[in-house]
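Worksheet: one structure, shown below.
Throughout, read-outs are computed from the coordinates displayed, never taken from laboratory work. The structure displayed is predicted, hence computed values, not measured ones. Here the Cβ is made from the backbone with ideal geometry for all residues, glycine too, and neighbour counts use every protein chain on show.
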Amino acid sequence: MTTTDAPPTDSAGAAAVEKTHPWADLEPEHFRLLRLAPLPTDRYSGARPLRFVQLARVERHSQEQSLLRLSVQLPGQRTHKQHNVLEVWIDRRHKEARFGPEKGLYIEPGNRGLGRFLLAQGIDWAKQHCPDYQVEGAALPAKDALSEDLRVRRDHCLEAQGFVVEYLDPLLLKARYSAARVDDLRSDWSTEKVQVIDLLDAAAMLQQADQNLHEQDVTIRKLGERIDRFKREDGSLRFTISCLIAFCLFQAGLLIWMATR
């Protein structure tokens, strides 16, 4: 954790200030390994195999503000800069906490429990620093409700963490989320879907995987030796059978010759 000075930010102009804020382009400083458990194939999300991703974290504190930025990095895959990012801003002047980014929380891969996990981590951090602060509500992007399934999943994710989702039109397109206080939010998530892997656990998993590969290599080598032995025995049997067939044909020919002589 690093403490630096930062200029104040009004909640009304937070989005504009963040673009030029000295904390806007902070690089991650702490990393954790996440395990995404394999889940049944979903008709919207497709296959959901076992995956490992990296959780990156950085935070800053000043007398007037605090920031937590979490991001999920996918191995061998580049994502949009604003995707897989959650920010929590604390404004101590107005005693408010704001969850961002402003354009919404976009998670890839979707429907794997990562959205709730990031929100839970942000809520837990906010509870440690400002449990009695108000939560600044915001509008939800309309693109989150392009389909009924996406809208229901989004609402479930927010409501499971303690946020209130309100719709402003009968078509359920315009919505906003809110909460009374930070302490009213919940910091739990689906641990059966997302697990945080410690360094020693990751090392043990790699060691176990290497041992399994070695055992499989030994098994494959033994099977190969058995196959080679069976091939040699098969060749010997084929030669023996060929000799017996030739001998039988000779005997049959000899008997026929003796019978017809």
Open item on the list: Taking a virtual spin label 7 Å from the Cα of Arg186 along the C-beta vector, which residues in segment 114-134 bring their backbone nitrogen under 13 Å of it?
Closed with: 116-117, 120
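If you put +1 on each Lys and Arg Cβ and -1 on each Asp and Glu Cβ, how big is the dipole of the chain around its Cα centre, in Debye rounded to 20? Don't jump to the answer; show the numbers that get you there.
Values: 36 positive and 37 negative charges, 285 e Å.
Magnitude of the dipole: close to 1380 debye.
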TODO: Can you tell me the dipole magnitude for segment 143-261 around its Cα centre, using point charges on the Cβ only (Lys, Arg +1; Asp, Glu -1), in Debye to the nearest 20?
DONE: 1080 debye
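Dipole of segment 198-261, Cα-centred, from +1 at each Lys and Arg C-beta and -1 at each Asp and Glu C-beta, to the nearest 20 debye? Before the final figure, lay out each step's value.
Values: 8 positive and 9 negative charges, 191 e Å.
Roughly 920 debye, rounded to the nearest 20.
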TODO: Evaluate the relative contact order of the chain (contact order divided by residue number), counting alpha-carbon pairs under 8 angstrom at least 6 apart; express in whole percent.
DONE: 16 percent
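If I stretch the segment between Arg221 and His30 completely, what's the gain in nm (0.36 nm per residue apart, minus their alpha carbon distance), one decimal?
Details: separation 191, 0.36 × 191 = 68.76 nm, distance 4.25 nm.
My answer for the length gained is 64.5 nm.
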- [ ] Among Cys248, Cys157, Cys130, determine the one that fluctuates most according to a GNM of the chain built with springs between C-alpha atoms less than 10 Å apart.
- [x] Cys248
Open item on the list: List the residues, sorted by chain then number, that are 5 or more residues from Arg51 or on another chain and whose placed amide H is less than 5 Å from its amide H.
Closed with: Leu36
Task: the chain - share of DSSP beta bridges that are antiparallel (%, nearest 5) - done: 90 percent
TODO: Report P(r) for segment 80-213: all Cα-Cα distances, bin width 10 Å, range 0 to the bin holding the largest distance, values in whole percent.
DONE: 11, 38, 30, 13, 6, 1
Open item on the list: Restricting to DSSP H runs of at least four residues, report the calculated mean residue ellipticity at 222 nm for the chain, -39500 (n - 2.57) per run over all residues, nearest 500 deg cm²/dmol.
Closed with: -13500 deg cm²/dmol
- [ ] Give the span of the chain's Cα atoms along each principal axis, as three whole-Å numbers ordered largest to smallest.
- [x] 123, 46, 30
Open item on the list: I'd like to know which of Gly104, Gln77, Gln121 lies farthest towards the positive end of the charge dipole of segment 54-161, counting +1 on Cβ of Lys and Arg and -1 on Cβ of Asp and Glu.
Closed with: Gln77
Open item on the list: For the chain, set up a GNM with springs between Cα atoms under 10 Å and report which of Ala204, Ala246, Ala138 has the largest fluctuation.
Closed with: Ala246
Open item on the list: Need the list of lysines near Lys222 for cross-linking: C-alpha distance under 17 angstrom, and skip anything on the same chain fewer than eight residues off.
Closed with: Lys231
- [ ] Beta carbons within 10 angstrom, averaged per residue: use that to sort the peptides 215-227, 99-111, highest first.
- [x] 99-111, 215-227
Task: Förster radius 51 Å - calculated FRET efficiency between His80 and Glu233, Cβ distance, rounded to 0.05 - done: 0.25
Task: Cβ-based charge dipole, segment 2-196, positive-most Cα from Ala180, Gln195, Pro28 - done: Gln195
- [ ] Please turn the phi angles of segment 156-165 into ³J(HN,Hα) values with the Karplus equation 6.51 cos²θ - 1.76 cosθ + 1.60 (θ = phi - 60°), one per residue in order, whole Hz, x for glycine and proline.
- [x] 5, 4, 6, 5, 5, 8, x, 6, 9, 9
Open item on the list: Using only alpha-carbon positions, what ratio does the radius of gyration of segment 143-261 give when scaled by 2.2 N^0.38 Å?
Closed with: 2.77
Open item on the list: If I take R0 = 51 Å and measure r between the Cβ atoms of Glu108 and Ser242 in this structure, what FRET efficiency does the formula 1/(1 + (r/R0)^6) give, to the nearest 0.05?
Closed with: 0.20
TODO: Give a quick list of GluC sites (Glu not before Pro) in segment 157-193 that DSSP marks as loop, anything other than H, G, I, E or B, with at most 11 other Cβ atoms within 10 Å.
DONE: Glu192
